[in-house]
Amino acid sequence: MRKIWPLDEALAGVALTLMALIPILEIVARPVLGRGVENAPVLVQHLGLVMAMWGALAAERHGHLTSLGAVFKGFQPWAQGAAALVCGLLVWASWQFVASEREGAQSLAYGIPMWWVQLAMPIGFALLGFKLAGRCVPQLGGRIFLGLLLPVLGCGLGLVDDGEVVALWPMVLGLAFMLLCGAPIFAVLGGLALALFWQAGLPLASIALSHYQITVNPSLPALPLFTLAGLVFARTGAAKRLGAVFLAMFGQGVVGSVVATTVLCSVFTAFTGGSGVTILALGGLLLPLLRDAGYPEKKSISLVTSASALGVLLAPSVPLIMYAIIARVPINTMFLAGLIPAFVMVGCLLVFGGYLRVSRAPTTVMSSSEPLSLRGALWQAKWEILAPVVAVGSLVSGLATPTESAALTAIYAVLTQTLAHGELNGRLLAQCLSTCAQIIGGVMLILGMALGLTNFLVDAGVPDLATDWVQGVTSNKWVFLLALNVFLFFAGALMEIYAAIVVLVPLLLPLAVSYGIDPVHFGIIFLANMEMGFLCPPAGMNIYFASAVFGKSLRDVALSVLPALAAIFVGTVLISWLPLVATGLPALVAAGWR
């Protein structure tokens, strides 16, 4: 019997497919027909809104909405109910926003009113609240009752109290308890933003506006499209072919296998958009490879777990693009800026993390098949090797916008794995579309709520207050950089990376600039610190993924990556104190284009 694609995954998948096809159609149609798709960029951006909301619903159904885990497990149903109540408030805020947009009567394309697409927000939050409330009780009748009651109650609170001044601290304490009970991060951030706007007597629709603005940002469609390309490569034989290239390049021995593993994990994380995805995709392939080379199992698990965090600085990494959007720095500049620091971090991990040292002579288990020569491995992986050229080359050269570059990369990945290798069928592509929509949908919920919170803090003058206070403590740039690294290390351990980018970058960037730090350099410092956050509980998702994939306890995995944490911190400090490592290549390329 053929499996029916659930509605949320189907709608998100169709929207994502159109996001990939419309920019390609636009590139082809303009030179040939003299005109392309009507209002194509804005149409793609709003398809991103549809994909994000329905993808978030699919993520909730599969249990993939990000949380920090439950400290008080007995209160998890309460946390889900409170999250449903927050969703009800977001329904009210979103409807107020859509109602105001409806009066403007703007057209999206081909006569479609823009507010029709914006309705995805209140509808999405209502369904999300219904589903979260349904997790409070096991009985079907109770699920339906609470699923209707709690979102409606939240919406009613917004209707009655919107614009009224209310007490802040009781809500903050409640939200902190929600977080410790396992509530989704987006609900806690959204609840905090709602509480701040509420206590200031400001309209709650401002939060919905923030969510809408970040979701339809002109550069944002690049995120799901690059992630889709990475997932296609991860789900097919691309990892095995690239692994053969790196093994042939660095050698089949222990050192060669270690270096090949580190580079492969970094490259895959850059494309998949999440280091956890890399562990899931490559863990089962790389652990036997390292074991066969005679590498200790504990160090093998530590290496794969930590190396999967390093791709954040490599193009076309999603966090790299996100920083560029939030900091208003050209994306191609950030792509170039991250290249040399990424190699520095890989080198620091291998050298200072002790992964190149082996305490005993390796006992290599020979493979039954003859290893490929470098030339043969390169030929087999030629299509995968060209993917970064398509992704980065089209963007840096100026031939394509970020969205067009990402669409080209996604279509390239699908075509090469379907036609050249025959490894991607319709069912596997549907899985990739669904997984991509779930990842980005969950991330966009966090980003939208975090931006609402950030906008409030910026309007309240928090960045200026922070700048005055820190400069009063020290005027030494190098002391500030060291303190910044320590602060970001703990922030990365406590905050999900995308929330950290949206909340902290607008607050810290003006402070860094006041010390003469280039925004591009600050971005690389920031993201390098966030790499450490992947390895630190409670927000360090790599240790949770590694524990599940390798069948080890969280304690064992967390202890195994301690040398990696120290090594990455050394690399981060080096990058901080040597600005040319980050800014040199972009400056060189810019000078060459003149």
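Brief remarks follow.
- Among the residues here, His46 qualifies as in contact (Cβ under 8 Å) with a residue 40 or more places away in the chain, more than 19 Å from Leu429 (Cβ to Cβ) and either of a type in the set (Val, Ile, Thr) or open to solvent by less than 30 Å² (accessible area, probe 1.4 Å) (or both).
- First in the range 419-444 and farther than 15 Å from His64 by Cα, second anywhere and polar (S, T, N, Q) and open to solvent by less than 10 Å² (accessible area, probe 1.4 Å), Cβ under 6 Å, 6 or more apart: Glu423/Gln417; Leu424/Gln417
- Residue match in the range 62-72 (condition: part of a helix (DSSP H, G or I) and touching a residue at least 12 places away in the same chain (Cβ under 8 Å)): no
- For Gly142, the conditions (1) surrounded by fewer than 17 Cβ atoms within 10 Å (Cβ to Cβ); (2) out of contact with any Cys (no Cβ under 9 Å at 6 or more places or on another chain); (3) in a helix (DSSP H, G or I) are fulfilled apart from (2).
- Residues (without any contact (Cβ under 8 Å) to a residue 24 or more places away in the chain and open to solvent by less than 30 Å² (accessible area, probe 1.4 Å)) located in the range 13-39: Ala29, Gly36
- Residues being open to solvent by 20 Å² or more (accessible area, probe 1.4 Å), without any contact (Cβ under 8 Å) to a residue 60 or more places away in the chain and part of a helix (DSSP H, G or I) - total across the range 487-503: 3
- Test result for Ser547, more than 17 Å from the chain's Cα centre (by Cα) and crowded, with 18+ Cβ neighbours inside 10 Å: yes
- Search result, residues across the range 557-583 that are under 18 Å from Pro296 (Cα atoms) and either in contact (Cβ under 8 Å) with a residue 12 or more places away in the chain or in contact with a strand residue (DSSP E or B) (Cβ under 8 Å, 6 or more places away or on another chain) (or both): Val557, Ala558, Ser560, Val561, Pro563, Ala564
- A count restricted to the range 414-459 and to residues that are among the acidic types (Asp, Glu) and either within 22 Å of the chain's Cα centre (by Cα) or at pLDDT 90 or above (or both) stands at 1.
- Residues that are open to solvent by less than 50 Å² (accessible area, probe 1.4 Å) and under 25 Å from Ala491 (Cα atoms) were ranked within the range 60-73; the one that is farthest from the chain's Cα centre (by Cα) is Ala70.
- For the range 467-482, a tally of residues being in a helix (DSSP H, G or I) and either without any contact (Cβ under 8 Å) to a residue 60 or more places away in the chain or among the acidic types (Asp, Glu) (or both) returns 10.
- Looking across the range 74-113 at every residue that is of a type outside the set (A, V, I, L, M, F, W, C) and not in a helix (DSSP H, G or I), the one that is most open to solvent (accessible area, probe 1.4 Å) is identified as Tyr110.
- Any chance Ile517 is outside any helix (DSSP H, G or I), among the β-branched types (Val, Ile, Thr), closer than 26 Å to Ile321 by Cβ and open to solvent by less than 10 Å² (accessible area, probe 1.4 Å): yes
Listed here are the residues, each with its yes/no results for (1) in a loop (DSSP other than H, G, I, E, B); (2) within 30 Å of Ala187 (Cα to Cα); (3) free of Cβ contacts under 8 Å to residues at least 40 places away in the same chain.
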{"residue": "Leu509", "(1), (2), (3)": "no, yes, no"}
{"residue": "His521", "(1), (2), (3)": "no, no, no"}
{"residue": "Ile524", "(1), (2), (3)": "no, yes, no"}
{"residue": "Ala528", "(1), (2), (3)": "no, yes, no"}
{"residue": "Leu535", "(1), (2), (3)": "yes, yes, no"}
{"residue": "Ile543", "(1), (2), (3)": "no, yes, no"}
{"residue": "Val549", "(1), (2), (3)": "no, yes, no"}
{"residue": "Arg555", "(1), (2), (3)": "no, yes, yes"}
{"residue": "Leu585", "(1), (2), (3)": "no, no, no"}
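- Hits in the range 425-441 (condition: of a type in the set (A, V, I, L, M, F, W, C) and surrounded by 24 or more Cβ atoms within 10 Å (Cβ to Cβ)): Cys432, Leu433, Cys436, Ala437, Ile439, Ile440
- Here Val117, Val137 are screened, and the one residue that is under 25 Å from the mean Cα position of the chain (by Cα), modelled with pLDDT under 95 and either among the hydrophobic types (A, V, I, L, M, F, W, C) or open to solvent by 70 Å² or more (accessible area, probe 1.4 Å) (or both) is Val117.
- Unmet criterion (only one of (1) among the hydroxyl-bearing types (Ser, Thr, Tyr); (2) free of Cβ contacts under 8 Å to residues at least 40 places away in the same chain; (3) open to solvent by 30 Å² or more (accessible area, probe 1.4 Å)) for Ser257: (3)
- Residue list for the range 394-413, filter: open to solvent by 30 Å² or more (accessible area, probe 1.4 Å) and either at pLDDT 90 or above or small (Gly, Ala, Ser) (or both): Ser397, Gly398, Leu408, Ile411, Tyr412
- Qualifying residue in the range 280-303 (condition: closer than 18 Å to Ala391 by Cα and either in contact with a Cys (Cβ under 8 Å, 6 or more places away or on another chain) or surrounded by fewer than 24 Cβ atoms within 10 Å (Cβ to Cβ) (or both)): no
- Of all residues in the range 442-466, those satisfying the criterion of being open to solvent by 20 Å² or more (accessible area, probe 1.4 Å) and in a helix (DSSP H, G or I) are Leu451, Asn455, Phe456, Leu457, Val458, Asp459, Val462, Asp464, Leu465, Ala466.
- For the range 168-218, the set of residues classified as more than 15 Å from Met121 (Cβ to Cβ), open to solvent by less than 30 Å² (accessible area, probe 1.4 Å), assigned to a loop (DSSP other than H, G, I, E, B) and in contact (Cβ under 8 Å) with a residue 40 or more places away in the chain consists of Gly182, Ala183, Pro184, listed by residue number.
The values are calculated or read from the model by the stated rules, or taken from the named source; none is laboratory data. Please read these numbers as outputs of a predicted model, since none were measured by experiment. As a convention, Cβ positions derive from the backbone with ideal geometry for all residues, glycine included, and neighbour counts pool all protein chains shown. We work out accessible area using only protein heavy atoms, side chains counted, and drop any ligands, DNA or RNA first. Shrake-Rupley method; radii C 1.70, N 1.55, O 1.52, S 1.80 Å.
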